[in-house]
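Undergrad: Following this message is one structure expressed as C-alpha cells.
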Amino acid sequence: MYLRGSIWNSGLFAAVLFLGSLPLSGWEIKSFDGHDYVPLGETATFYGLGEEASPASGSKKLHGGNREITAVRNSREIIIDGVKHWLAFPVIEEGGRLFVSRLDLGKTIDPAFRPTLIGGFPAVTTVVLDPGHGGKDNGARSPYEQEKNFALDVARRVRDRLQKSGVRVLMTRNNDSFIELQERAAFANRLKNVIFVSIHFNAMDTNQSANGFEVFCVTPRGAPSTAYEQTRLRDMVEENGNEHDLHSFALANTVYHAMLGKTDMTDRGVKRARFAVLRLAGVPAVLIEGGFLTNSGDARNIASKQWRDNYASAIATGILEYKKLAEQKIAPREISSYRHPESAPSSVAAAAAKPAAIPGVALRELPE
Ligand SMILES: [Zn+2]
C-alpha cells in the first residue's frame, strides 16, 4: 500500500525503516558523474510535501506545514527548514527535473528532516568543550582579542549554563595552554556517553567582508569536504569520526539552529570537513565557528561580553536540545521556533516523532 499527501506518511515510512530489511523499491535511481541520484520530486512525495518550481532561478521548493526544503540546480547549497546545508554533490537538473544525490539524501536531507528517526544515539552524560587553540597557538585575531581567549571565554560560559542544567562538563583546556589536536580528540575518546564540541572563531584575511556563523561535522566517507569540489582518494577512508556521522550531523544541525535562532548572524551553513578533531573523535563531534574576527561587524559583536553570553546561551540550548533528541527522541527546536516561539511545533516533525507501530505496511524505504 502506498499512501500519499498525509502528514502520517513519514511515520509510516518510519515503520518500514525500523522493520529494516525490506527490499529497496520504487525509487528511480540515476547516475550522474558516477554518483547515484534520486528525483527531488520523489523526495517530496516521500515526505508528503508539495512542490513549487521557479524555473527562472532553477530552484524548487518543497513544503508542507512549516517544513521546507529549497534546492537549486547545479548548487551544493540547500536550505532545509530555514537553514543552509552543504551537500556533497551538486543538485542536477535533467529534463526539467531536479535530482539530489543518494548520499546527500541519506546523510544530510533525511537526518535534518527526520532527526527522531536516527538510531543508535549514545546518551549524553558528559559534554566535552574544546576551546580552540591556546598557548603558543593564538589562532586568529581581531583588533580586540585573540581567538584563543575568546574561545575559552565562550566555552566557560557554555559550561556554566550546562552545569546549571545538571550536565557534567569537561574542558580540554581551562587556561592558556597548548594542546595537540590529537590529544583533544583522545580526551573525549577515553569517556563514555560523551559529545565533543570544539569552539572557534573564523578569519579570512583576503576578504574582510566574509562574516557569519558556520558549523562543521565530519565529512561522510566517499564525499568531498565542503571546501573541495572533487572527490579525492583519501575521501574513501573510513575515519574514526564516521562511526557517528548521523549523530554528529544531528548535533551540528541542532546547535546551529539555536545559534542562528538566538542571534542575528549570517548563515554560512552546516558544512563538512575532516578537521583532525572531527576525524579522530570516535564520539558525536562538531566544530563551531562563531563569526569572523577579520570582519568589523562580527569582531565588534564578539568583543562584547553581552553578545558572547547570548551566543554561549545559544550553544548550550542547542546542546540540551540534542540531549533530548538523543535520549528521549524529542524533535529539536528549529530556527523558526526560536525566532517565533508562539508558532506551533512542526506537524511533520511531530508525526515523525511518534513511535511507528504499524507493522506489515509495505511502503518504500529510503534508498540508502
Ligand atoms: Zn580556530
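The values are calculated or read from the model by the stated rules, or taken from the named source; none is laboratory data. Nothing here was measured: the structure is a model prediction, and the numbers come from that model. With ideal geometry, Cβ positions are generated from the backbone for all residues, glycine too; neighbour counts draw on all protein chains shown. The accessibility values were calculated without ligands, DNA or RNA, using every heavy atom of the protein model including side chains. Shrake-Rupley method; radii C 1.70, N 1.55, O 1.52, S 1.80 Å.
Undergrad: Which members of the stretch 122-132 meet the condition of being aliphatic (A, V, I, L, M), in contact with an Asp or Glu (Cβ under 9 Å, 6 or more places away or on another chain) and either surrounded by 22 or more Cβ atoms within 10 Å (Cβ to Cβ) or within 30 Å of Ile78 (Cβ to Cβ) (or both)?
TA: Selection gives Val124 alone.
Undergrad: Just checking, which of Arg279, Arg272, Arg268 is open to solvent by 40 Å² or more (accessible area, probe 1.4 Å), under 30 Å from Gly119 (Cβ atoms) and outside any helix (DSSP H, G or I)?
TA: Exactly one of Arg279, Arg272, Arg268 is open to solvent by 40 Å² or more (accessible area, probe 1.4 Å), under 30 Å from Gly119 (Cβ atoms) and outside any helix (DSSP H, G or I), namely Arg268.
Undergrad: Pairs needed: first member in the stretch 120-140, among the charged types (D, E, K, R); second member anywhere, more than 10 Å from the ligand (Cβ to nearest atom); C-beta distance under 6 Å; at least 6 residues apart or different chains.
TA: Taking only residues 6 or more apart or on different chains, the pairs are Asp130/Thr172; Asp130/Arg184; Lys136/Phe178; Asp137/Phe178.
Undergrad: So Leu152 passes all but one of these: (1) within 16 Å of the ligand (Cβ to nearest atom); (2) out of contact with any Lys or Arg (no Cβ under 9 Å at 6 or more places or on another chain); (3) free of Cβ contacts under 8 Å to residues at least 40 places away in the same chain. Which condition number does it fail?
TA: It is condition (2) that Leu152 fails.
Undergrad: Between Gly135, Gly119, which is touching an Asp or Glu at 6+ places or on another chain (Cβ under 7 Å) and of a type outside the set (Asp, Glu)?
TA: Of Gly135, Gly119, the one residue that is touching an Asp or Glu at 6+ places or on another chain (Cβ under 7 Å) and of a type outside the set (Asp, Glu) is Gly135.
Undergrad: Of all residues in the stretch 89-137, which are within 16 Å of the ligand (Cβ to nearest atom) and of a type in the set (A, V, I, L, M, F, W, C)?
TA: If the condition is that a residue be within 16 Å of the ligand (Cβ to nearest atom) and of a type in the set (A, V, I, L, M, F, W, C), then Leu129 is the only one that fits.
Undergrad: For Gly139, only one of the following conditions fails: (1) buried (at least 20 other Cβ atoms within 10 Å of the Cβ); (2) within 30 Å of Ser296 (Cα to Cα). What is its number?
TA: In the conditions (1) buried (at least 20 other Cβ atoms within 10 Å of the Cβ); (2) within 30 Å of Ser296 (Cα to Cα), Gly139 misses (1) alone.
Undergrad: From the list Glu147, Glu183, which one is of a type in the set (D, E, K, R), more than 30 Å from Asp33 (Cβ to Cβ) and without any contact (Cβ under 8 Å) to a residue 12 or more places away in the chain?
TA: Details: Glu147 fails: without any contact (Cβ under 8 Å) to a residue 12 or more places away in the chain.
After applying the criteria, what remains is Glu183.
Undergrad: May I pose another question? Report whether or not Leu62 is of a type outside the set (Phe, Trp, Tyr), without any contact (Cβ under 8 Å) to a residue 24 or more places away in the chain, surrounded by 18 or more Cβ atoms within 10 Å (Cβ to Cβ) and in a strand (DSSP E or B).
TA: yes
Undergrad: Name every residue in the stretch 287-308 that is more than 16 Å from the ligand (Cβ to nearest atom), of a type outside the set (A, V, I, L, M, F, W, C) and out of contact with any helix residue (DSSP H, G or I) (no Cβ under 6 Å at 6 or more places or on another chain), in order of residue number.
TA: Hits for the stretch 287-308 are Ser296, Gly297, Arg300, Ser304, Lys305, Gln306.
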